[in-house]
Amino acid sequence: MGKYFGTDGFRGEANVNLTVNHAFEVGRFLGWYYGKDKNERCKIVIGKDTRRSSYMFEYALGAGITSTGADAYLLHVTTTPSVAYVARTEDFDCGIMISASHNPFYDNGIKLINNRGEKMDEETILKIEDYLDGKLGELPNAHRENIGRTVDYSAGRNRYIGYLISLATRSYQDIKVGLDCANGSAWMIAKSVFDALGAKTYVINAEPDGTNINMNCGSTHIECLQKFVKEKGLDTGFAFDGDADRCIAVDEKGNVVNGDLILYVYGCYMKRRGKLLNNTIVTTVMSNLGLYKALDAQGISYEKTNVGDKYVYENMVKNGHRIGGEQSGHIIFRKYATTGDGILTAIKMMEAMIESKEPLSKLTEPVKIYPQILKNIKVKDKKEAQADEDVQKAVNEVALKLGSNGRVLVRESGTEPLIRVMVEAETTEICEENVDYILNTIKNKGYEAV
């Protein structure tokens, strides 16, 4: 991770630490960089979510891109996976998504996607950062007929909707489905897809006003959809985040079906059909112990990566695996997409239910989710605190005590001066006791930042 860009783009509070000038300069660099060695115009596709500031950043990026002679194609309000789909299928040099995902409305982000629909490589990101820091000097402006143009490209979004519809294997006729669109990117797409497939679609939080994205709704506030599914007597429900690259489901009883349970349900479905390549599911280190025990019982292997769908995808590409994801609902179906895709995930869960002729509650029944407590502590030096001999001793003591009935994970935050301590065990009390034991060790050694 660099000075500006983290694992999921350049993110910050709009016009505080992510400014309109940053967006203009990122656009200028990309337009110049991808166009400098071409005999034809560089083409960059841009999507945005429903935040108030997304419009400002869209215009700034477009101005930067066109000032260097490249063309900016605007998908307008759309999802992150749709930008990835259009970038990889329609001959674009790269794609940009303006979104801060599940963050509050006053934050925003610039996510960069290469022409294969994947997250931008580190080498290019570092060049952008050097330009933002003034290390590359001025870039040339285009003049006269060489100045670029912006193009309304809502047709690209419509093709993506058609692609999603084409992936369904059965009609959803007479199935009652709830959709929580988080007042974000999914609001114009998700209902269109489910209606086209014949579902009786019930939608909440699909009235964005620029400031209500993710506000007490969507995948990070799943209780809203839980209540809705139970009140309306729905067969299932799906909640998305602000840019719709995540999905958390709710079963017909109102129980939460998070990313771990989604991986289990669809992984088992793939195995039954002989489609689970390498007999392996890719997870992150934050996946629940209950998932691993349930996969063991099914004879399914798994791999663990660092937290971040970027790392899940890299592992899948390197090793040829077909399905992977995060507890938070970033699920990657590599045969169909290069990113997490919330609406695609919902389609795949519908497929598993319809083909299995089982309700979602029955499909998740074999997984016993262990209580999990995660606490953060702000420290003066992350590496020094984690490497301390007494801290390591405390962690090892907890691991030994938990044995096969629990686990402990201590890791540094990738973006903040925090140490994250997570314990899973058979009861919440055991989790609390052991997390606090490690946190108190860190505090007693004087590492806590006051």
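In contact with a helix residue (DSSP H, G or I) (Cβ under 8 Å, 6 or more places away or on another chain), under 12 Å from PHE5 (Cβ atoms) and in contact (Cβ under 8 Å) with a residue 12 or more places away in the chain: is that true of THR150 in this structure? Step through it out loud before you land on a result.
On the way: in contact with a helix residue (DSSP H, G or I) (Cβ under 8 Å, 6 or more places away or on another chain): yes; under 12 Å from PHE5 (Cβ atoms): no; in contact (Cβ under 8 Å) with a residue 12 or more places away in the chain: yes.
Against the criterion (in contact with a helix residue (DSSP H, G or I) (Cβ under 8 Å, 6 or more places away or on another chain), under 12 Å from PHE5 (Cβ atoms) and in contact (Cβ under 8 Å) with a residue 12 or more places away in the chain), THR150 does not qualify.
So how many residues does the stretch 225-234 have that are crowded, with 20+ Cβ neighbours inside 10 Å and in contact (Cβ under 8 Å) with a residue 40 or more places away in the chain?
Going through the stretch 225-234, the residues crowded, with 20+ Cβ neighbours inside 10 Å turn out to be 225-226, 228-229, 234.
Next cut, in contact (Cβ under 8 Å) with a residue 40 or more places away in the chain only: 225, 228-229, 234.
Looking only at that region, the number is 4.
Would you pick out the residues in the stretch 127-145 that are assigned to a helix (DSSP H, G or I) and surrounded by 13 or more Cβ atoms within 10 Å (Cβ to Cβ)?
If we filter the stretch 127-145 for residues that are assigned to a helix (DSSP H, G or I), which is where we start, we get 127-132, 144-145.
Result: LYS127, ILE128, GLU129, ASP130, TYR131, LEU132.
In the stretch 111-122, which residues are of a type in the set (Lys, Arg) and part of a loop (DSSP other than H, G, I, E, B)? Before you say what the answer is, go through the steps one by one.
From the stretch 111-122, those of a type in the set (Lys, Arg) are 111, 116, 119; that's our starting set.
Answer for the stretch 111-122, where residues must be of a type in the set (Lys, Arg) and part of a loop (DSSP other than H, G, I, E, B): just ARG116.
Residue by residue through the stretch 89-109, note down the ones that are modelled with pLDDT of 95 or more, in contact with an Asp or Glu (Cβ under 8 Å, 6 or more places away or on another chain) and surrounded by fewer than 24 Cβ atoms within 10 Å (Cβ to Cβ).
TYR106, ASP107
Could you list, in sequence order, the residues of the stretch 50-96 that are more than 19 Å from THR338 (Cβ to Cβ), touching a strand residue (DSSP E or B) at 6+ places or on another chain (Cβ under 9 Å) and in contact (Cβ under 8 Å) with a residue 60 or more places away in the chain?
Of everything in the stretch 50-96, those that are more than 19 Å from THR338 (Cβ to Cβ), touching a strand residue (DSSP E or B) at 6+ places or on another chain (Cβ under 9 Å) and in contact (Cβ under 8 Å) with a residue 60 or more places away in the chain turn out to be THR50, ARG51, ARG52, GLY62, ILE65, THR66, ALA70, ASP71, ALA72, LEU74, HIS76, VAL77.
Quick test of your reading of the structure: ILE281 fulfils all but one of (1) over 24 Å from the mean Cα position of the chain (by Cα); (2) under 13 Å from ASN319 (Cα atoms). Name the failing condition by number.
Going through the list (1) over 24 Å from the mean Cα position of the chain (by Cα); (2) under 13 Å from ASN319 (Cα atoms), ILE281 breaks only (1).
How many residues are more than 26 Å from the chain's Cα centre (by Cα) and among the hydroxyl-bearing types (Ser, Thr, Tyr) when one looks only at the stretch 136-158?
Residues flagged as more than 26 Å from the chain's Cα centre (by Cα) and among the hydroxyl-bearing types (Ser, Thr, Tyr) within the stretch 136-158 amount to 1.
Counting only residues that are over 18 Å from VAL250 (Cα atoms) and in contact with a Ser or Thr (Cβ under 8 Å, 6 or more places away or on another chain), how many does the stretch 317-339 have?
So the first thing to find is which residues in the stretch 317-339 are over 18 Å from VAL250 (Cα atoms), and the list is 317-324, 332-339.
Subsequent filtering for residues that are in contact with a Ser or Thr (Cβ under 8 Å, 6 or more places away or on another chain) retains 319, 321, 324, 332-333, 339.
Matching residues across the stretch 317-339 total 6.
Looking at TYR292, is it aromatic (Phe, Trp, Tyr) and within 17 Å of PRO81 (Cβ to Cβ)?
Values: aromatic (Phe, Trp, Tyr): yes; within 17 Å of PRO81 (Cβ to Cβ): no.
Answer is no for this residue.
Taking into account only those residues within the stretch 27-57 that are out of contact with any His (no Cβ under 8 Å at 6 or more places or on another chain) and of a type in the set (Lys, Arg), which is nearest to VAL77 (Cα to Cα)? Walk me through it before giving the result.
Pass one, the stretch 27-57, residues out of contact with any His (no Cβ under 8 Å at 6 or more places or on another chain): 27-46, 49-57.
Okay, now just the ones that are also of a type in the set (Lys, Arg), so 28, 36, 38, 41, 43, 51-52.
On the way: ARG28: 22, LYS36: 29, LYS38: 29, ARG41: 24, LYS43: 19, ARG51: 10, ARG52: 12 Å.
That would be ARG51.
Tell me, yes or no, whether the stretch 343-359 has at least one residue that is part of a strand (DSSP E or B), in contact (Cβ under 8 Å) with a residue 12 or more places away in the chain and out of contact with any Asp or Glu (no Cβ under 7 Å at 6 or more places or on another chain). If you could, list the steps in order and put the result at the bottom.
Here is the first cut: in the stretch 343-359, the ones part of a strand (DSSP E or B) are none.
There is no residue in the stretch 343-359 that is part of a strand (DSSP E or B), in contact (Cβ under 8 Å) with a residue 12 or more places away in the chain and out of contact with any Asp or Glu (no Cβ under 7 Å at 6 or more places or on another chain).
If PRO208 satisfies every condition in (1) out of contact with any Cys (no Cβ under 9 Å at 6 or more places or on another chain); (2) surrounded by 20 or more Cβ atoms within 10 Å (Cβ to Cβ); (3) part of a loop (DSSP other than H, G, I, E, B) but one, which is the exception?
(1)
With the condition being assigned by TED's automatic domain parsing to the domain that holds GLU123 and of a type in the set (Val, Ile, Thr), I'd like the helices (runs of 4 or more DSSP H) fully within the stretch 18-110 carrying at least 3 qualifying residues.
Working: elements: 20-35, 52-67, 80-89.
Here the list reads 80-89.
Taking the condition of being farther than 18 Å from GLY62 by Cβ and among the aliphatic types (A, V, I, L, M), how many residues in the stretch 133-153 meet it?
Total meeting the criteria: 1.
When you check VAL317 against the structure, is it in a helix (DSSP H, G or I), modelled with pLDDT of 95 or more, under 21 Å from ALA87 (Cβ atoms) and out of contact with any strand residue (DSSP E or B) (no Cβ under 9 Å at 6 or more places or on another chain), yes or no? So that I can check it myself, show each step before the final result.
On the way: in a helix (DSSP H, G or I): yes; modelled with pLDDT of 95 or more: yes; under 21 Å from ALA87 (Cβ atoms): yes; out of contact with any strand residue (DSSP E or B) (no Cβ under 9 Å at 6 or more places or on another chain): yes.
When the stated conditions are applied, VAL317 passes them.
Only one of these conditions is not met by LEU400: (1) part of a strand (DSSP E or B); (2) more than 30 Å from LYS253 (Cα to Cα). Which number is it?
(1)
Yes/no per residue for (1) more than 28 Å from LEU261 (Cβ to Cβ); (2) at pLDDT 95 or above:
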residue: PRO359; (1), (2): no, yes
residue: LEU363; (1), (2): no, yes
residue: LYS382; (1), (2): yes, no
residue: ALA394; (1), (2): yes, yes
residue: SER404; (1), (2): no, no
residue: PRO417; (1), (2): yes, no
residue: THR428; (1), (2): no, yes
residue: GLU433; (1), (2): no, yes
residue: ASN440; (1), (2): yes, yes
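Any residue that is outside any helix (DSSP H, G or I) and either touching a Cys at 6+ places or on another chain (Cβ under 6 Å) or assigned by TED's automatic domain parsing to the domain that holds ASP235 (or both) - is there at least one of those in the stretch 423-436? Quick ask: steps written out before the conclusion?
Taking the stretch 423-436 as the starting set, the residues that turn out to be outside any helix (DSSP H, G or I) are 423-427.
With either touching a Cys at 6+ places or on another chain (Cβ under 6 Å) or assigned by TED's automatic domain parsing to the domain that holds ASP235 (or both) added as a condition, the list becomes 423, 425.
Scanning the stretch 423-436, I find at least one residue that is outside any helix (DSSP H, G or I) and either touching a Cys at 6+ places or on another chain (Cβ under 6 Å) or assigned by TED's automatic domain parsing to the domain that holds ASP235 (or both), so the answer is yes.
The values are calculated or read from the model by the stated rules, or taken from the named source; none is laboratory data. Everything quoted here is computed from the prediction, not taken from an experiment. Note: ideal-geometry Cβ built from the backbone for every residue, glycine included; neighbour counts use all protein chains shown.
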